[in-house]
Each structure stands twice: as C-alpha cells, then as structure tokens.
1. Within the stretch 305-317, is even one residue modelled with pLDDT of 95 or more, assigned to a strand (DSSP E or B) and of a type outside the set (D, E)?
2. Quick one: which residue in N285, N273 is among the polar types (S, T, N, Q) and in contact with a helix residue (DSSP H, G or I) (Cβ under 9 Å, 6 or more places away or on another chain)?
3. For the stretch 144-152, does any single residue satisfy the condition of being at pLDDT 85 or above and either hydrophobic (A, V, I, L, M, F, W, C) or under 21 Å from I84 (Cβ atoms) (or both)?
4. Return yes or no: is Q292 in the same structural domain as P259 (by TED's automatic domain parsing), in contact with a Phe, Trp or Tyr (Cβ under 9 Å, 6 or more places away or on another chain) and among the polar types (S, T, N, Q)?
5. Which residue is surrounded by the fewest Cβ atoms within 10 Å (Cβ to Cβ), if the candidates are limited to the stretch 287-301 and must be outside any loop (DSSP other than H, G, I, E, B) and of a type outside the set (A, V, I, L, M, F, W, C)?
6. Would you confirm whether or not the stretch 52-67 contains a residue that is farther than 18 Å from Q180 by Cβ, part of a helix (DSSP H, G or I) and at pLDDT 85 or above?
Amino acid sequence: MFKFANILLIILFLSAAAGINADVKDDIKIKNDELSQIKQDLNKKKSEKEKLQKQERKFKKELNRITKAISSTEKQLKKINNEIVFAEKKLAAASEQYMCADREKNSVNSRIQRQYCEYAKRKLVSYYDSPLEFKMRELLIRDDSDKYRDAKNRENAAQKDVEKYNKAKKELTNLKNKQQNLVSKNKKLQKEKNELLKTTEGKRMEAEREIQALKESARALSKLIEKLSAVSKKVEIAASKKKHTSIRSASNTRKNNLPWPAAGSVILNYGKNKHPELDTNIISNGIKIKTQNNAIIQSVEGGKVAFVGEFRSYGKMIIIDHKGEFFSVYAQLSEILVKEEDTVTRGKTIAKTGEGDSSVLYFEIRQGNIPEDPRLWLKEK
C-alpha cells in the first residue's frame, strides 16, 4: 500500500512537472514568435530609415543648388543695380547737356534773327554810308551761325545719349524685375524644401527612435527566452531525477476578476499596435486608458507600494507588489497620492491623471516579471 502511494505521488508529480514544462515551452514559442515579429518590424523600420535618409540627402542637395542659385542671382542683381545707377547718372548728364545745348541754340538763334533784321534794315537804308559796319554784321552773323550749328550738333548728340541711356535703363530694369522674380521663386522653393526636410528629418529621427525601442525589446525578449529555456531545462532535469516537490497551481483566481484602475476607453492595446504615422508596428507591454480630466486612479488589488517616482519615458509611475504573486504598474500620472512602502487595498485611490492630452493612464500587469495582457486580468466591461 505504501509503495502504491509513493508510485501515485511520483505519477502526480511527473504529470504536474510535464504540465508546467509544456506551459513553459508554449510560452517560449509565443515569445519566439514575438521576437521574430519584432525582428521583421526592425528590418522594415531600417529599410524605411534608409529611404528617409536617401530622401533627406536629395532634399539637402536640392537646397544646396537652390541656395547657390539664389546667391548667384543676388550677385547679378547687385551688378544690375550698379549698372542702373551708372545709366541714371549718364542719363542725367546727357539730359543736362541736351538742355544746355538747347538753351544755347535758342539763344544764338534769337541773336541771329535780330542780326539778320538789323542787317537787312541797314542794307536797305544806308549800305553805302558805312560799309565797315555791314562787314562786321556779316561776320557776327557767320560766327553766330557757327555757334548755332555747334549747339545744334551737341543737342543732337545729347538727345542720342538720352535715348541710349533711357533704353539701357529700361532694359536693365526689366532684367532686374526678372531676376527679382527668380530670387522670390527660388526663396519660396527653398522654404518649401526646408519644410519638407524638417518633416523628413523628423520622420527619420522618429524611425531611429522606433528602431532603438525595437532593438531594446528584442534584447529584453531574448533574455527572457533564455530564462524560460533555463526553467524548462531545470524542470526536465527535476522530472528525470524524480524529485519530490510541492507544485503550486499556475492558475490565478484574479484573472478576469480585477477592477479597472480608471474609468475610460482603451486607446492602446497590449502587444503589437500599428503606428499612427509610420508604416510599422510598436510593441506595448501594457494598455493606455483615456480618462476624464483629473480622473482618479485606483489600485486593482491590495498590496505594498514598491516604487514611486519618475521613470524614463513613463513619467510619474507607481509599482505595487501584490504579495509577490504579481505586480501592477501605473504610469504617465499627473499626481501621486501614495508613498513607497505604503500598504494599499483594492480600490484605494493612489493617483490622478492630468488634463487634455495628459488625461491618459498607462497600465501594466507583470507576473514573474513577465508582462501580460491586462485585459486578461481585468473584469470584462
């Protein structure tokens, strides 16, 4: 009878050990699948990063070309402006020469007309009385006529210069307007490319952060799988040696039985989630709950506060140890109402969320330091 009881105990132990080992192997398979998915996402994200880097280089090359074009055009504009100033000076000088020649021509012409009138009148009346006077008047008329022709020639030359520099100024002004339009167009294009570059750089940086997060997740999962593999081997060794040990049931009566830590809707699920902007997936170890402004956060079960404070990207965070059986994690808090080593009961208010975009709670459940889907622990809504 005693032998039979021992045999029965061994059989029960081996069955329990085999069950635990099977659970561990299933867990290893699940985690290996998750690791494989993370690696796929990582490769996809790397490809996206390379594409963004290529696009970024293209934008920078185009911006360099546009900047050079703007610089070259602005130099030409400076040169054109100098030429316009030169043409305006020449135009002003030619206009002044034209006006002086015109005044001189008109003045000489008026004097010639008077000389002709006087000469004609004297010739009719007393030509033979004073032949020297008439000779002098003829010489004066000839001299004034030469002056008139000279003034007329200078006037014509100045008129040509005025027309020449007017035309040059008009052409230079048209060229200046074209160059200014080209500068404006290139500066507008430069602004657009800069905006695109900022967006591309932002996406590239976001991709790099996602890659880093995926790498860290992959490393963490690899370590976890190693630990699970070690547990599996230990169970197999224990089973082969037929050691007697107490086996605690793996079932947890709290699953699907815990109250929700806050009222609200789930906006981020446990596990793989599609990134809202980038073509990739993000792995989450918990869930995010969108709450009302300044909503209260309650402990899902009795236990001791193990951690209170700021923690990396989680912000303000609380970790509660529920008698070593599992841990609950509450993060992205606005206000914390408990201290480390405090003992809390189920439903105890421990924190508050913020307002607007900050009215979100990040919540995790960890058993044996392994994150599990909180929805499997919380009561169904």
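1. no
2. Numbers: N273 fails: in contact with a helix residue (DSSP H, G or I) (Cβ under 9 Å, 6 or more places away or on another chain).
Checking each option against the conditions leaves just N285.
3. No, every residue in the stretch 144-152 fails to be at pLDDT 85 or above and either hydrophobic (A, V, I, L, M, F, W, C) or under 21 Å from I84 (Cβ atoms) (or both).
4. On the way: in the same structural domain as P259 (by TED's automatic domain parsing): yes; in contact with a Phe, Trp or Tyr (Cβ under 9 Å, 6 or more places away or on another chain): no; among the polar types (S, T, N, Q): yes.
No; evaluated as a whole, the condition is false for this residue.
5. Initial filter on the stretch 287-301 (outside any loop (DSSP other than H, G, I, E, B)): 287-290, 296-298.
Imposing the further condition that a residue be of a type outside the set (A, V, I, L, M, F, W, C) reduces the set to 288, 290, 298.
Values: K288: 20, K290: 16, Q298: 19.
Filtering first and then ranking leaves K290.
6. We begin by selecting, within the stretch 52-67, every residue farther than 18 Å from Q180 by Cβ; these are 52-65.
Okay, now just the ones that are also part of a helix (DSSP H, G or I), so 52-65.
With at pLDDT 85 or above added as a condition, the list becomes none.
No; the residues of the stretch 52-67 include none that is farther than 18 Å from Q180 by Cβ, part of a helix (DSSP H, G or I) and at pLDDT 85 or above.
The values are calculated or read from the model by the stated rules, or taken from the named source; none is laboratory data. All figures in this text were calculated on a predicted structure; none of them were measured in a lab. Virtual Cβ from ideal backbone geometry, glycine too; neighbours counted across all protein chains shown.
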